[in-house]
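Okay, structure first, notes after.
The values are calculated or read from the model by the stated rules, or taken from the named source; none is laboratory data. None of these values were measured; they are calculated from a predicted model. All Cβ positions, even for glycine, are placed from backbone atoms using ideal geometry, and neighbour counts span all protein chains on display.
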Amino acid sequence: MGSVYRARDMHFPNVTKLVAVKEMINTAPDPLVRETIIQNFEREANLLATLHHPSIPRIYDYFTKESRSYLVLEFIHGKDMEAIINETNGFLPEHQVLTWAVELCDVLDYLHKHKPDPIIFRDMKPSNVMINQMGDIILVDFGIAKTFQSGIKGTMIGTEGYSPPEQYRGEATPAADIYALGATLHHALTRRDPRLEPPFSFSERPIRRINANVSNEMEAVVNMALEYNPESRFRSAVDVKQALTTVARKTGALIHAAPLTGPMNASGIKPLWSFKCEDEIRGTPVIFQGLLYIGSYDNNLYGLNAADGKFQWKYPTDGGIVTRPAVFDGNVYFGSEDKRLHVISARTGKVIWTYYTNGPIHSSPRIAEGHVFFGSDDGYIHAVNLNTGRMAWRFETADYVRSTPFVARDLVYTGCESGDYYAVDFRGELKWRFHAKRSITASTVGTEQALYFTSMDSTLYALDPRNGWVLWRFRLGKASISTPCTMDDLLFVGASDGFIYAVETRSAKEVWRFRTEHQVNSSPVVYKDSLYCGSVDGFLYCLEYRTGRLRWKFGTGGAITGTPLVYDDIVYVGSTDHQIYALLA
Amino acid sequence: MDKFFRWLTGNKQTTPTPAQDVANTAPLSEQQIQAIVSNQNPRFDLQQLISSCGQSVGKQRELNEDSLIAMTATMAGNSGNLPFGLYIVADGMGGHQFGEVASNAAIRTVAGYILRKFHPYLFHIKSDTMDESFQEIMQAAVSEAQRAIQREAPGSGTTLTAALVVGQQITVAHVGDSRAYFIYPDGRVEPITRDHSLVKRLEELGHITPDEAVNYPHRNVLYRALGQGEILDPDIFTLGFPQPGYLMICSDGLWGVLTEQDLVRSINEAPTLQRACQNLVNAANSAGGPDNISVIMVQLLG
């Protein structure tokens, strides 16, 4: 463990000469370990004393006092590359990284050509590269250049993230430094810290897939430096430098910033059909026996022919409809802001019965076990008998219930606007509750293993369905009202920071995220190997669900907040431009 | 033909088969099968964990650098009593001065941290669930252990495979090459952790075959260990408890010398979990016992 201090050299009392004092506290209780630590420190001092290069800090002195050892070094005004990567919003420009890379090649070349023996830095990584005020790079921390301690028994330890495979076997050659240089550049260009990834996995994170602004040529140089076999890499730092300058000439990277690639065009996708209502569509459609049902803010529920979008009938209510209808036994169930749950014939659109609550209904009905479950702004979860249209029970919550109940294992799960989350049994009795920091508007998706939902507190939760204990929490960039969906071992959800996220269900690790231009309040759906999700930026996005790569996007005239429906290779989505669109999936 | 006629005429000379024999060879009735199955898999109206563990220094080492902890309890949750268990194996790095200090510090710190978090739930009645998630608690516990090792035994390292069981959920934190397995009654053995070892990584990348891996010279090189490196990124994940089945956690002193068939045999031959652990340790020692051996077996009943 150690620290670095900024100090003033008092040998020069009349001027301010700043130095860096690197302190190393030797806490090891064992004398042999202590001895080794001191030796490492002194080796760094002696090594530095023999080196003269603008990118290597000068050493002034070193000493050991009791359990502390000190190096007095040239003070560098600046920041290390890791801090710069972390503090930069978005990606560092290619020309910036390229300039540093060329200087790193220079200093590596100097070290590798050192006489009598080449010096292998062994620990090239962003945090060991300082950028001074002139924008030049300085290589720091030569103390880690240690050999592997192979044990008399059991296990040895290697370093992580930036090191090449052969370094784990104790081999240190110039090719190892070139690999680590490649790893450093990869980190700088992609912002993906290799210490958080499995070793030697750079090829699984192609640079241009993460940062499309990087040139092909630059990616090729980094890839070659990161070749698994040392023989396949560049033969020397000079070769890397040459390749980099060729890139610079080709892309003009050293002259000006790389031009931003424009956003992908809507690629001329034509809808199969569209249908215009008299007001915004914020709900989600459902299809039953060739008919598509969709509610609109114009108070009507529409029945359309799913094949050609032809109007069949509409059923007027006295309030906007934002819920997703449910179809059961030839009837369509949906709530309206007129405070009623409406049940109409799926064929004719004629009313069967209605059920009154004391508040507008924004929660979609869920049908299970002969009952329809839904929430209302009256603060209750309602359970209504399908045959009689009468209330079986209602459960009082702390606030408006806008999320759609999820029913599994004889329990009804719902969140409400106070942030409370309830598991209620079929008799209407509370089994357990959970409290999020802010409202839970999104609905739940559940598996045998967990319940997943988001909250306005910017968190994606995974709860044990049996008792409400939190398995994991995943921080989203901002609040979310998007309902997650699952496929394989992945969970997808949108958030108001504009991203669509893919997260591993077991470990809560982010697999990818995709940026849209505005809030994502729509809920994603997966169909075959594609994910479909709308955004307030007006586009419906189709992504490859495993990688998050954009397949196509389709622009509408208004925000998309409803969830798309994919049925029989056709995507249906409503937009606040009053239209519902049918597109080829 | 002779027999046939005797049978046709109902010759009484044939010795009549005793009724008991018939019963013995006839297929079991559904009811009988149920009775036997329920005997083997006793149902418990309350879910409960049982566990056992075994350790040995092995045949070729003088010092035990493994540490383990196994704790089982029930917790008054807001939906009835919940099984609670904490099971950890840590294998201190050989070749470093303080392998045993590191592994001991790891289990002390991790178990201490987790138990402090669950103290109000284990020893008081709390109606609401915890704010933090299981995975966050595990992450924080591992980070604390990382600091403890760097303080108490700088330069040393240890593996850590910790399983926190609450209800039917197992949350695992894993660093290094100790392993956790699900073992099913039908003989399937499913490793649920991934070794952070060079050899495993090379195998994953297809640079060496599983057969080559067995004899790979740098088999013991880890790329991730508790106590090592500035950034530690443990594998943390949550799975459902196998039912029926076992959770097994062990150090490489066990899995390094026993095949999956050995594991299953040792477990199936044992009438109890205690004997299963003993069998496993004995089997590893019979196979040479080149390293310290630690094993924990856990079963969720009901």
- Looking at (1) surrounded by 18 or more Cβ atoms within 10 Å (Cβ to Cβ); (2) on the phi > 0 side of the Ramachandran plot; (3) out of contact with any strand residue (DSSP E or B) (no Cβ under 9 Å at 6 or more places or on another chain), which is the only condition A:K125 fails? (2)
- Query: Among the residues of the range A:158-195 satisfying the criterion of being within 26 Å of A:L92 (Cβ to Cβ) and of a type in the set (K, R), which is nearest to the other protein chains (Cβ to nearest Cβ)?
  - Reply: A:R195
- Quick one: in the range A:446-470, which of the residues that are surrounded by 24 or more Cβ atoms within 10 Å (Cβ to Cβ) and within 16 Å of the chain's Cα centre (by Cα) is nearest to the other protein chains (Cβ to nearest Cβ)? A:Y461
- Query: Name the pairs: first residue in the range A:500-514 and away from chain B (no Cβ under 14 Å) and part of a strand (DSSP E or B), second residue of a type in the set (S, T, Y) and surrounded by fewer than 20 Cβ atoms within 10 Å (Cβ to Cβ), Cβ to Cβ under 8 Å, at least 6 apart or on different chains?
  - Reply: A:W512/A:T547
- For the range B:214-230, name all the residues that are modelled with pLDDT under 80, over 23 Å from the mean Cα position of the chain (by Cα) and more than 7 Å from chain A (Cβ to nearest Cβ). B:N215, B:Y216, B:P217, B:E230
- Task: Specify which of the listed residues (A:R402, A:R394, A:R409) is without any contact (Cβ under 8 Å) to a residue 40 or more places away in the chain and not β-branched (V, I, T).
- Result: A:R394
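A:R473 - would you say it is assigned to a loop (DSSP other than H, G, I, E, B), within 14 Å of chain B (Cβ to nearest Cβ), among the basic types (K, R) and without any contact (Cβ under 8 Å) to a residue 60 or more places away in the chain? Talk me through it step by step, then tell me what you get.
Working: assigned to a loop (DSSP other than H, G, I, E, B): no; within 14 Å of chain B (Cβ to nearest Cβ): yes; among the basic types (K, R): yes; without any contact (Cβ under 8 Å) to a residue 60 or more places away in the chain: yes.
Against the criterion (assigned to a loop (DSSP other than H, G, I, E, B), within 14 Å of chain B (Cβ to nearest Cβ), among the basic types (K, R) and without any contact (Cβ under 8 Å) to a residue 60 or more places away in the chain), A:R473 does not qualify.
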- Query: Could you say which residue among B:A173, B:A148 is among the small types (G, A, S), under 23 Å from B:S294 (Cα atoms) and free of Cβ contacts under 8 Å to residues at least 60 places away in the same chain?
  - Reply: B:A148
- Item | Residue count, the range B:123-140 (criterion: exposed (fewer than 15 other Cβ atoms within 10 Å of the Cβ) and either assigned to a helix (DSSP H, G or I) or touching a residue at least 60 places away in the same chain (Cβ under 8 Å) (or both)) | 1
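Tell me, please, whether a residue that is under 30 Å from A:K250 (Cβ atoms), in a strand (DSSP E or B) and modelled with pLDDT of 85 or more can be found in the range A:106-129. Give the steps one after another, and end with the answer.
Step one: of the range A:106-129, the residues under 30 Å from A:K250 (Cβ atoms) are A:106-113, A:121, A:124-126, A:128-129.
Restricting the remaining residues to those that are in a strand (DSSP E or B) gives A:129.
Checking the rest, the ones that are also modelled with pLDDT of 85 or more come to A:129.
Yes; the residues of the range A:106-129 include at least one that is under 30 Å from A:K250 (Cβ atoms), in a strand (DSSP E or B) and modelled with pLDDT of 85 or more.
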- Item | Residue within the range A:288-310 that is modelled with pLDDT under 90, out of contact with any helix residue (DSSP H, G or I) (no Cβ under 8 Å at 6 or more places or on another chain) and of a type in the set (V, I, T) present | no
- Is it the case that some residue within the range B:157-165 is within 11 Å of another protein chain (Cβ to nearest Cβ) and part of a loop (DSSP other than H, G, I, E, B)? yes
- Does B:D235 qualify as being at the interface with chain A (Cβ under 10 Å from one of its Cβ atoms), in contact with a strand residue (DSSP E or B) (Cβ under 8 Å, 6 or more places away or on another chain) and not basic (K, R)? yes
- Among the residues of the range A:409-445, write down those that are within 11 Å of chain B (Cβ to nearest Cβ) and part of a strand (DSSP E or B). A:L411, A:D420, A:Y421, A:A423, A:D425, A:L430, A:K431, A:W432, A:R433, A:F434, A:H435
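Condition test on B:D233, is it closer than 30 Å to A:D489 by Cβ, of a type in the set (D, E), modelled with pLDDT under 95 and more than 13 Å from the chain's Cα centre (by Cα)? Spell out how you get there, then give the answer.
Numbers: closer than 30 Å to A:D489 by Cβ: yes; of a type in the set (D, E): yes; modelled with pLDDT under 95: yes; more than 13 Å from the chain's Cα centre (by Cα): yes.
So B:D233 passes the test.
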- Identify, by number, the condition in (1) within 8 Å of chain A (Cβ to nearest Cβ); (2) in contact with a strand residue (DSSP E or B) (Cβ under 6 Å, 6 or more places away or on another chain); (3) crowded, with 21+ Cβ neighbours inside 10 Å that B:L202 doesn't meet. (2)
- Message: at pLDDT 80 or above and in contact with a Lys or Arg (Cβ under 9 Å, 6 or more places away or on another chain): which single residue out of A:D136, A:D177, A:D193 fits that description?
- Response: A:D177
